[in-house]
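Q: This is the structure I have questions about; it appears just below.
Read the figures in this text as sums done on the coordinates, not as results from a lab. Here the structure is a predicted model, which is why all the values come from computation and not from measurement. Cβ sites come from the backbone with ideal geometry, for glycine too, and all protein chains shown count toward neighbours.
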Amino acid sequence: MVTVAACLLLSGCKASPASDQADGTELTFWTFNGLHEQFYAEMVKEWNKKYPERKIKLNTVVYPYGQMHDNLSISLLAGKGVPDIADVELGRYSNFLKGSDIPLTDLTPLVEGERDKFVEARLTLYSKNGKLYGLDTHVGTTVMYYNMEMMNKAGVDPDDIKTWEDYREAGKKVVKALGKPMTTIETTDPNSFLPLVSQQGSGYFDEQGRLTLNNETNVKTLEFLKTLIEKDKIAVTTPGGNHHSEEYYGFMNQGGAASVLMPIWYMGRFLDYMPDLKGKIAIRPLPAWEEGGDRSAGMGGTATVIPKQAKEVDLAKDFLKFAKASKEGNIKLWTVLGFDPLRWDVWDSDELKKPNQYTEYFQNGQHIFSVLLDIKDEINPLYLTEDYAKTSDLVNRNVLYEALKTKSKTPKEALDKAAAEVKGQ
Amino acid sequence: MKTVKTDTVHSFPPVSRKRKIRRLLYSAKAAPYIFTAPFVLSFCIFFLYPLISVVIMSFQSILPGEVRFIGTENYQALNNPTFYTALFNTVKYTFWTLLILIPVPLILAVFLDSKLVKFKNVFKSALFIPALTSTIVAGIIFRLIFGEMDTSLANSILAKFGASPYNWLNNEHTGMFLMVMLASWRWMGINVLYFLAGLQNVPKELYEAAEIDGAGTFKKFYHITLPFLKPVSVYVLTISIIGGFRMFEESYVLWQNNSPGNIGLTMVGYIYQQGLAYNNMGYGSALGIVLLIIIFICSLISLKLSGSFKKEGY
């Protein structure tokens, strides 16, 4: 029996052919987002046209989110079955930078010479000790989506909202006129908290990697959110906990709140889940904390990495440069995926002005990138450390929940407790 | 005797090989080892080897290309609030599942075994079908039923009775209630099946004899049915304790291991989070060892209390 099993195993190993020279060199690509596959398939086609002598056959494997990251860290530990290219989501990214021997290839050369054309904050985010280890997929420029039907009814012009103070006043008008909240605040995701913190140059960590989770700015910001909910009563905690829950989609689609603060990549969710709001939503920069202050932040992100143990490191690097660091690639990031690409020098190109499903859905759809160009220099970097994943989870799970939902702790207490837990371990 | 036989074997190799194998298979000494070999091998490869590795890993810090021993640091790190939350949640969950998943199936099984109940097979299958569904699919349905909007099924039923809607998934107690309910709904049928099987062992004559002696229904149940069900109950208790402590899916499907305020964090969820999500394999291994010890002790206590170590058995 054992021999039979062993035979089966052996024959199974032999069955995998090594004769793919005809189609080009095989590269394995792991991702957790099926949509990304379309983008890479498109870029492989372009690459093979341009470099017929270095053809690539991209072997894309789409795993569920958790499983893909688990497989990647296990394969890196085992040193076997490592993919040539992989997508790593921001929440898990810091895990791969642990230790002194980082298992990822240095990607700094990919942006060399053109670095000033990229939104720097998104390169800093994925760097350690000045070396870039992952190439982001989008800037994640945070904006305010206003439901113009509701704003008009309440007699508020979003263009007059310059600061958060203005936003508060406008919110009071909306509540008075419509009896609906001005906005919703997430309690299980950081998209209502972190952008506001980042706008003020703060974050979970500072440039030197020191924990700043419970600094004065962060505490004040969380207190501000609490005031919006409790005292001003112009905001409610997001139904379902975050802006990706079924409950929220239904709520918002029926005109549940007059505005929502989310990154540009959230446009796709409007299209897919809130069809009734078509033609009603306008995109504007965030209110600033003071006149002339920063009006955006970069949120979320998926970095593409090349493990050091990959078989075809050089080819993978050249291909990644072509796919995500070139102008053509960055244009495709918008046309295929609807993302705001890292290279801002393509933002005013003609391809990005062409009408598509996104430009049709939003009121100022044709001018999305002129809004973005306006605020591109107002995005502050966030800094990652080895503890980023844990810290971010603590904010999402405990801090926001305790300070805003159950109100069992004051904002300061909640942040102090989380900071102590990060430091303690 | 035997040595003589082996000698003959050597002189006729082609015939003897067959014979040798046959003799090996028929020999009372070797056969048990051969037949248990597949199990022993799979046990060693898939259980013993990982177990030993985990023990070693729990004293290490593990990163790609950088494995080093760090003494008991991983075990010292156990002293943190999240660990206690996970442990406490797991103990609570196990307690509630034991409280529901042993007495209720027992009583249901007795009812299903009674001659007075009609449509037995309908009830049996209805109770068993949940066990065939995947926890993940069922969990998603549960999550939608207990959504926080007024329009979710549970809340709309509450509204019919004039109660205000509830935020089921965001509250410590209702969160635990949902996990226990999902588990109870799913495992009820299986436990009923165990008890039904146990009931077939009860000799019918005993009931008749008891009836002649004037025993009522309750007395018969207490003095005849229960003692005969003891071995099955001990078995169900043991697997329920183990199942309770290693619970993961129920919590995962409701919150994707990201429950607000860690209301749904279990020990296994915590191991997964630390070992894989935070790439902290050493600490994850230490947690695994602690969980192993806890389950071991709890099972021993339950077996000891139920008297399973006595030779007499039932």
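Q: What percent antiparallel are the DSSP beta bridges of chain A, to the nearest 5?
A: If I count the DSSP bridges inside chain A, around 60 percent turn out antiparallel.
Q: Follow-up question, since we're still on this one. Over chain A, with a Gaussian network built from C-alpha contacts below 10 Å, which listed residue (A:405, A:49, A:321) shows the highest mean-square fluctuation?
A: A:49
Q: Which whole-number percentage describes the relative contact order of chain A, with Cα contacts under 8 Å and a sequence gap of 6 or more?
A: The value is 24 percent.
Q: While we're on this one: Mind listing which trypsin sites (Lys or Arg not before Pro) in the stretch A:144-243 are in a DSSP loop and have 16 or fewer other Cβ atoms within 10 Å?
A: Those satisfying the criteria are A:162, A:210, A:231, A:233.
Q: What list of ³J(HN,Hα) values in whole Hz, one per residue of the stretch A:192-209 in order, does the Karplus curve 6.51 cos²θ - 1.76 cosθ + 1.60 (θ = phi - 60°) give from phi, with Gly and Pro shown as x?
A: 9, 9, 4, x, 5, 5, 5, 4, 9, x, 9, x, 7, 9, 9, 4, 7, x
Q: Additional query: Two decimals is fine: what's Rg over Rh for chain A, C-alpha atoms, Kirkwood radius as Rh?
A: Using Cα coordinates only, the ratio equals 1.00.
Q: List, in the order given, every pair from A:176/A:412; A:409/B:92; A:311/A:390; A:176/A:231; A:153/A:280 whose Cα-Cα distance in the structure shown is over 20 Å.
A: Those over the limit are A:176/A:412; A:409/B:92; A:311/A:390.
Q: Hey, in the GNM for chain A with a 10 angstrom Cα cutoff, which one of A:74, A:161, A:331 fluctuates hardest?
A: A:74
Q: Could you check which residue among B:213, B:113, B:150 shows the biggest mean-square fluctuation in a GNM of chain B with a 10 Å Cα cutoff?
A: Judging by the Gaussian network model, the answer is B:213.
Q: From the P(r) of the protein assembly as shown, could you give the percentage of C-alpha pairs in the tail past 49 Å?
A: 30
Q: Would you kindly derive the ³J(HN,Hα) couplings of the stretch A:46-62 from the backbone phi angles with the Karplus curve 6.51 cos²θ - 1.76 cosθ + 1.60 (θ = phi - 60°), listing them in order in whole Hz, with x for Gly and Pro?
A: 4, 4, 5, 5, 7, 10, x, 7, 10, 4, 10, 10, 8, 9, 8, 10, 9
Q: Calculate the spin-label point distance for residue B:28 paired with residue B:303, positioning each point 7 Å from the Cα along the beta-carbon direction, and give it in nanometres.
A: Each label point lies 7 Å from its Cα, and together they span 2.9 nm.
Q: Something else now. Near the amide H of residue A:61, under 5 Å away, which other amide H atoms are found, from residues 5 or more places off or on another chain, if H is placed in the peptide plane?
A: Long-range HN contacts for residue A:61: A:29, A:30, A:31.
Q: Listing B:90, A:406 from the residue with the fewest other Cβ atoms within 10 Å to the one with the most, what is the order?
A: Fewest-to-most Cβ neighbours within 10 Å comes out as A:406, B:90.
Q: Give the cross-link partners of residue A:308 among the aspartates and glutamates, using a straight C-alpha distance below 12 Å as the criterion and excluding same-chain residues fewer than 8 apart.
A: A:84, A:101, A:106
Q: Using a simple spin-label model with points 7 Å from Cα along the Cα→Cβ vector, what separation in nm is obtained for residue A:363 and residue A:210?
A: 4.5
Q: If you don't mind, there's one more thing I want to ask. Which of the trypsin sites (Lys or Arg not before Pro) found in the stretch B:68-177 are in a DSSP loop and have at most 11 neighbouring Cβ atoms, other than their own, within 10 Å?
A: B:115, B:118
Q: While we're here: Which value in deg cm²/dmol, rounded to the nearest 500, describes the helix-derived mean residue ellipticity at 222 nm for chain B, given -39,500 (n - 2.57) per DSSP H run of n ≥ 4 and division by the residue count?
A: The per-residue figure over chain B is -21500 deg cm²/dmol.
Q: Taking chain A as the reference, fit the longest principal axis to its C-alpha atoms, fit the long axis of helix A:164-178 to the helix C-alpha atoms, and give the angle between the two in degrees, 0 to 90, nearest 10.
A: Long axis of A:164-178 versus the principal axis of chain A: about 70 degrees.
Q: If you build the convex hull over the alpha carbons only and average its shadow over all orientations, what do you get for chain B? Give it in nm² to one decimal.
A: Mean projected area of the Cα convex hull: 28.0 nm².
Q: Go ahead and estimate [θ] at 222 nm for chain A from helices alone: -39,500 (n - 2.57) per DSSP H run with n ≥ 4, summed, over the residue count, rounded to 500.
A: My calculation for chain A gives -11500 deg cm²/dmol from helical runs alone.
Q: Taking the Cα centre of the stretch A:360-425 as the origin and placing charges on Cβ (Lys, Arg +1; Asp, Glu -1), which of A:369, A:380, A:420 is farthest toward the positive end of the dipole?
A: With unit charges placed on the Cβ atoms, the residue in question is A:420.
Q: Excluding residues on the same chain fewer than 8 positions from residue B:120, give the lysines whose Cα lies under 20 Å from its Cα.
A: B:204
Q: What percent does the relative contact order of the stretch A:54-153 come to when contacts are Cα pairs within less than 8 Å and at least six residues apart?
A: Relative contact order of the stretch A:54-153: 16 percent.
Q: In terms of modelled amide H atoms, which long-range or inter-chain residues lie less than 5 Å from the amide H of residue A:163?
A: Hits under the 5 Å cutoff: A:288.
Q: What do you get for the angle between helix A:65-78 and the principal long axis of chain A? Use alpha-carbon atoms, 0 to 90 degrees, nearest ten.
A: Between the helix axis and the principal axis of chain A, the angle is about 40 degrees.
Q: Name the trypsin sites (Lys or Arg not before Pro) in the stretch B:20-54 that are in a loop by DSSP and that have at most 16 other C-beta atoms within 10 Å, would you?
A: B:29
Q: Where in chain B are the DSSP H helices whose alpha-carbon span along the long axis reaches 24 Å or more and whose Kyte-Doolittle mean is at least 0.5?
A: What comes out of the filter, once short or polar helices are dropped, is B:81-101, B:172-199, B:226-245, B:281-305.
Q: Return the percentage of antiparallel bridges among DSSP beta bridges fully within the protein assembly as shown, rounded to the nearest 5 %.
A: If we restrict to bridges inside the protein assembly as shown, about 65 percent are antiparallel.
Q: Output the 0 to 90 degree angle, nearest 10, between the alpha-carbon long axis of helix A:327-337 and the longest principal axis computed from the alpha carbons of chain A.
A: 70
Q: Arranged by the count of other C-beta atoms within 10 angstrom, fewest first, what order do B:34, A:281 take?
A: B:34, A:281
Q: Now, a different point. Where does the longest stretch of chain A lie that holds no GluC sites (Glu not before Pro) found in a DSSP loop with 12 or fewer other Cβ atoms within 10 Å?
A: A:292-425
Q: How much length would be gained if the chain were fully extended between residue B:217 and residue B:53, taking 0.36 nm per residue of separation minus their Cα-Cα distance, in nm to one decimal?
A: 53.6 nm
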